[in-house]
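The values are calculated or read from the model by the stated rules, or taken from the named source; none is laboratory data. Being a predicted model, the structure only gives us computed values, none of them experimental. Cβ placement follows ideal geometry from the backbone for every residue including glycine, while neighbour counts extend to all protein chains displayed. These area figures cover heavy atoms from the full protein model, side chains too; ligands, DNA and RNA do not enter into them. Shrake-Rupley method; radii C 1.70, N 1.55, O 1.52, S 1.80 Å.
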Amino acid sequence: MPGFELFSDLERKEVNDVLDNGVLMRYGFDGMRKGHWKAKELEAELATTFQSKHVQLVSSGTAAVSVALASAGVGAGDEVIMPTFTFVASFEAIMMLGAIPILVDIDDTLTLDPKAVEAAITPKTKAVMVVQMCGSMANMDALQTICNTHNLLFIEDACQAIGGTYKGKPLGSIADIGCFSFDFVKTITCGEGGAVVTNNKEYYINADHYSDHGHDHVGNDRGAETHPFLGYNFRISELHAAVGLAQVRRLPEFISIQKRNYTILRNALADIPGVTFRTVPKGGEESYAFLNFFLPDLESSQKVIEAFKVNGVDACWNYYQNNWHYIKEWNHLKDQKSLFPISKEVREGLEYLQTKTFEQSDHYIGRNISCLIKLSWTEAEVKARAEKMAKIIKSIFL
Ligand SMILES: *Cc1c(COP(=O)(O)O)cnc(C)c1O
């Protein structure tokens, strides 16, 4: 997945453009910047790549989720439905606005189970946030129907699925608002960065202002601009945007390398009895950033991971006891370990996590093995790796 593996002269050239004129900020300083507007150029490229009308770059993927929710008016006391399997950023971004994360089960897509979403809806539900984990996606039609029926905002976190598609549309462009991360380990990187993507002009204008202290960005005198509403600072810098500009142009190349590597690994495992693959919804095409497969139970997946480690097969994980990606070890959330007082609404709103269990999620995450697909592997390296993985799994099962 990580674009940083192929950092090149293309990225260096874009960064040098910025260093030559010294304007490290994305707004203003028109005269000094000698025509270089890296953030603006990157927004235009991303709009084309993600086939969306509007793109607002921000400082991170976490910021993108928070800005997206804020731009659509989600705030204090609102419930946002999200999956048990994601990155901690999902609930962080929700809680930053004083909203309440409502965690629900995933299914064999490793993303939100539409039935679990429907069951979790209450009068306080404001939004459903799907997270397209590990390069693939949820049943987007089913989730869209639920959101339409209950008049809910639909947010799409596509941070880990850059380049995947559903029924011909880029992931991240399907729901009301999409969110991307370009942190250092994502498919394309800015070093740090993120984007809010939408076809809704009002949400876009809100995101544009909110992510820059409420600046309305009218005219070319920053100090004279007005502030129609309160904002914050989630700006990206020109240096970070410059790296992303080179990377987004290389996305088709990155995806084709991922697809080649993924296919070699998948084919090597496909015929092993007991190995099954995650479900990709009809009409979906993965970004090939990860290969995800299931073994019969938690014990066997843990054994295989252990054997992978001993035999030098890196970058594969079982997420059951992972600190960052699965509900099981999120005790800081369950116990509300906050540096500062949390509002009464959120405190009470999170109490369900003290007792709620997620058997269905445990069933899928316990049996799952997730392998990162690297861009830097040669074809010969991937083939050797595939053979080794197949041999290890067979030695444990057959
Ligand atoms: C990486 C990631 C984020 C957060 O992105 P940052 O840029 O690191 O803040 C959010 N959601 C998912 C699913 C991610 O993988």
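Can you work out the Karplus-derived ³J(HN,Hα) for every residue in the stretch 212-217? Use 6.51 cos²θ - 1.76 cosθ + 1.60 with θ = phi - 60°, whole Hz, and x for glycine or proline.
9, 6, x, 3, 7, 6
Within straight cross-link reach of residue 356, meaning Cα distance under 30 Å, which lysines are found once same-chain residues fewer than 8 apart are removed?
115, 124, 126, 303, 328, 334, 337, 344
How much length is gained if the chain between residue 41 and residue 19 is pulled fully straight, taking 0.36 nm per residue apart and subtracting their Cα-Cα distance, in nm to one decimal?
6.3 nm
How much net charge surrounds residue 137 when only the other residues with a Cβ under 15 Å from the Cβ of residue 137 are counted, with Lys and Arg +1 and Asp and Glu -1?
So the surrounding residues net to -4.
At residue 321 and residue 270, where each label point lies 7 Å from the Cα along Cα→Cβ, what is the point-to-point distance in nanometres?
The two pseudo-label positions are separated by 3.4 nm.
I want the antiparallel fraction of DSSP beta bridges within the chain, as a percent rounded to 5. The partial results should precede the final answer.
Details: 26 of 43 bridges.
Expressed as a percentage, antiparallel bridges in the chain total about 60.
How much of residue 185 can a 1.4 Å solvent probe reach, expressed as accessible area in Å² and rounded to 10?
In the full protein context, residue 185 sits at about 70 Å².
Extending each Cα 7 Å along its Cβ direction at residue 306 and residue 351, get the distance between those two points in nm, one decimal.
The two pseudo-label positions are separated by 4.1 nm.
Please list, in chain and number order, the residues 5+ apart from residue 212 or on another chain whose amide H is under 5 Å from its amide H, with Hs placed from the backbone.
Those qualifying (amide H under 5 Å, at least 5 residues apart or on another chain) are 232, 234.
Assuming R0 = 41 Å, can you tell me the calculated FRET efficiency for the pair residue 232 and residue 344, based on Cβ-Cβ distance, to the nearest 0.05?
That gives a FRET efficiency of 0.95.
At 0.36 nm per residue, minus the direct Cα-Cα distance, what do residue 201 and residue 335 gain on full extension? Give it in nm, one decimal, please.
Full-extension gain reported as 44.3 nm.
Using a 1.4 Å probe on the protein chains only, how many percent of the accessible area of the chain belongs to carbon and sulfur?
Of all accessible area on the chain, carbon and sulfur atoms account for 54 percent.
Report ³J(HN,Hα) in whole Hz for each residue of the stretch 270-284, in order, from the Karplus equation J = 6.51 cos²θ - 1.76 cosθ + 1.60 where θ = phi - 60°; Gly and Pro get x.
4, 8, 7, x, x, 8, 10, 10, 4, 7, 9, x, 3, x, x
Going Cα to Cα from residue 13, which lysines come in below 18 Å? Please leave out same-chain ones fewer than 8 positions away.
Cross-link targets: 34, 38, 40.
Kirkwood Rh over alpha-carbon pairs of the stretch 332-375, then Stokes-Einstein at 37 °C and 0.692 mPa s: what D in µm² s⁻¹, rounded to an integer?
The Stokes-Einstein estimate is 245 µm²/s.
Residues in the stretch 233-261, backbone N under 15 Å from the label point at residue 213 (7 Å along the Cα-to-beta-carbon vector): list them, ranges by number please.
233-236
Can you compute the charge dipole magnitude of the chain about its Cα centre, using +1 on each Lys and Arg Cβ and -1 on each Asp and Glu Cβ, nothing else charged? Give it in debye, rounded to the nearest 20.
Roughly 740 debye for the chain.
State the extension gain, in nm to one decimal, for the chain segment bounded by residue 30 and residue 150, taking 0.36 nm per residue of separation less the distance between their alpha-carbons.
Here the segment from residue 30 to residue 150 would lengthen by 38.6 nm.
Within a Cβ distance under 13 Å of residue 154, other residues only, what is the Lys/Arg minus Asp/Glu net charge?
Once positives and negatives cancel, what remains is -3.
At q = 0.10, 0.11 Å⁻¹, work out log10 I(q)/I(0) for the stretch 3-251 with the Debye formula, treating every Cα as an identical point scatterer and leaving solvent out; two decimals please.
-0.46, -0.55
Considering only the other residues whose Cβ falls under 10 Å of the Cβ of residue 10, what net charge follows from Lys and Arg at +1 and Asp and Glu at -1?
+1
Please give the calculated 222 nm ellipticity per residue for the chain, where each DSSP H segment of at least 4 residues contributes -39500 (n - 2.57) and the sum is spread over every residue; nearest 500 deg cm²/dmol?
Result for the chain, helices only: -11500 deg cm²/dmol.
I need the phi-derived Karplus couplings for the stretch 324-333: 6.51 cos²θ - 1.76 cosθ + 1.60, θ = phi - 60°, integer Hz, Gly and Pro marked x.
For the stretch 324-333, the Karplus-derived couplings read 10, 10, 9, 3, 3, 9, 8, 5, 5, 7 Hz, x marking Gly and Pro.
Can you return the aspartates and glutamates within cross-link range of residue 167? Criterion is Cα-Cα under 17 Å, with same-chain partners fewer than 8 residues away left out.
Answer for residue 167, where 17 Å is the Cα cut-off: 141, 156, 176, 285, 286, listed by chain and number.
In Å², what does the accessible area per residue of the chain work out to with a 1.4 Å probe?
With the other protein chains kept in place, the chain gives 42 Å² per residue.
If I measure Cβ to Cβ between cysteines in the chain, which ones have no partner under 4.7 Å?
134, 147, 159, 179, 190, each lacking another Cys Cβ under 4.7 Å.
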